[in-house]
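In what follows, a single structure is set out as structure tokens and then discussed.
Every read-out reported here was derived from the displayed coordinates using simple, explicitly stated rules and does not represent laboratory data. For clarity, every value in this text was computed on a predicted model and none was experimentally measured. All Cβ positions, even for glycine, are placed from backbone atoms using ideal geometry, and neighbour counts span all protein chains on display.
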Amino acid sequence: MVSIAVNKGRDNVAMLGIGAYRPQRIVSNAEVCEVLDSTPDWIFERTGIHNRRWISGEETIRSIAAAAGERALNNTPVDRAKIGAVLLCTSSWLKLTPHGAPSVAFDLGLNGVAAFDLTSGCGGFGYGLGVAADLIRAGSAEYVLVIGAETMTVGLDPTDRGTAMIFGDGAGAVVVGPTEENGISPTVWGSDGENAEAIAQDVDFLEYMNKAQAMQGTDPAVEPVGRMSLHMEGPKVFRWAAVTLPRALSAALDASGVAKEDIEVFIPHQANARINELMKKNLGLAEGIPMANDIENTGNTSAASIPLAMEEMLVTGKAKGGQLALLLGFGAGLSYAGQVVTLPPAPKEPSF
Ligand code: UT7
């Protein structure tokens, strides 16, 4: 009987460096309300957002993903030639073919490595971090670059009261690699496809193409084709989050073997500051521990929000490298993924 070889990697892995990119253009609530039927006060009270970043000029999903990746590599004491895989967590890449990671890897001087996209909505970074840790543990790569990058505003209807004030653009990235002490717990993750349509594009590609084609013809019954955009049943997602996420957070703590009293930093996905306050309270995390609130000036950047928020905390000194942090991403799917981690060192090359 022929036996087939098995990989063996390293059990202990951690985030060794972090980098982020915040688009140049800052968009205030007042500017959003120039076309949206809302008020700056309503937006801040219900979401915790004052400002968000939108891409402008030459900025694209590809350029911001590469910029964050470049900073993460520069902020990590590992030769970039050792990166064995690039994982791009995004729902914003504009083509299904070719997917984004190979082009971004090329831009980073990493042409030739394994490169693939991971789409899991706002939970994308949590999924990506878990996959990266497991790739290293399995021996499939020694070092992995995980990038969360989104240009949510490309598919945003600026008049939609459920989304226009929430979403923003940005990118964050971490280098994951082997370490002496383990710095990434088992991933706790899950999904609820029964409620998948609660966050969804209004039409799929085929419907969109059919509509566009019909418009070229003579069918006057066909509505003019507009932009393909994202819609969200916010209150439904809020209720799902209130029930599902406390359980996910407890499960992440159990899987990590770390007591909640030992958690020093809480970095949830930046969907809504009110959801995060509720989660922190319900989980019974120590009152005084720092919690990410990058949403206030960055908005909800989907799969980019956790690395952006982590970077902001490290740059401003709200959190320190080596501290124990609880991460949880959640959103479209509906899906979630979380871990207990040790934070990477503060970046030498920050994003602001
Ligand atoms: O990142 C992916 C995961 N996403 C999430 O977790 C998002 C979760 N959901 C949310 O963040 C919130 O549901 C929203 C911020 C989207 C909406 O806030 P809400 O507190 O759930 O508002 P609502 O839809 O329940 O509406 C409350 C009121 C309504 O008015 P009445 O009926 O009480 O008079 C709405 O018509 O607020 C009104 N409203 C608005 N007013 C001003 C709804 N949207 C707006 C708006 N501006 N944009």
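Annotations for the structure displayed:
- Dipole of segment 130-263, positive end: most advanced residue of VAL146, VAL131, GLY226 [Cβ charges, Cα centre]: GLY226
- The residues LYS260, LYS281, when put in order of fewest to most other Cβ atoms within 10 Å, stand as LYS281, LYS260.
- Phi-based couplings in Hz for segment 326-335 (Karplus 6.51, -1.76, 1.60; Gly and Pro marked x): 9, 10, 8, x, 7, x, 3, x, 5, 9
- Sorted largest first, the spans of the alpha carbon positions of segment 1-159 along the three principal axes are 70, 32, 30 Å.
- Checking every one of the trypsin sites (Lys or Arg not before Pro) in segment 6-41 against DSSP loop status and a limit of 13 other Cβ atoms within 10 Å picks out LYS8.
- 222 nm mean residue ellipticity, helices alone, for the chain (DSSP H n ≥ 4; -39,500 (n - 2.57); rounded to 500): -9500 deg cm²/dmol
- J(HN,Hα) series, segment 298-304, from Karplus relation 6.51 cos²θ - 1.76 cosθ + 1.60, nearest Hz, glycine and proline x: 10, x, 8, 9, 6, 5, 8
- Dipole orientation for segment 236-279: of the candidates ILE267, THR244, GLY257, THR244 has the Cα lying most toward the positive pole (charges on Cβ; Lys, Arg +1; Asp, Glu -1).
- Taking amide hydrogens as placed 1.01 Å from N in the peptide plane, the amide H of HIS231 sits under 5 Å from those of ALA200, GLN201, ASP202, each at least 5 positions away in sequence or on another chain.
- Kyte-Doolittle at least 0.0, axis length at least 24 Å by Cα - qualifying DSSP helices, the chain: 234-256
- For LEU36, net neighbour charge (Lys/Arg +1, Asp/Glu -1) across residues whose Cβ lies under 10 Å away: -4
- Here's the picture: charge each Lys and Arg Cβ at +1 and each Asp and Glu Cβ at -1 in the chain, and of TRP93, ALA309, ILE43 the one pushed furthest to the positive end of that dipole is ALA309.
- All-pairs Cα distance distribution in the chain, expressed in whole percent, bin size 20 Å: 32, 57, 11, 1
- Unit charges on C-beta of K, R, D, E only; dipole of the chain, Debye: 620
- Over segment 207-338, relative contact order from alpha-carbon pairs under 8 Å, at least 6 apart, %: 26
- Among SER302, SER38, sorting on how many other beta-carbon atoms sit within 10 Å of each Cβ, with the fewest leading, yields SER38, SER302.
- A simple charge model with +1 on the Cβ of Lys and Arg, -1 on the Cβ of Asp and Glu and nothing else charged puts the dipole of segment 1-118 at about 520 debye relative to its Cα centre.
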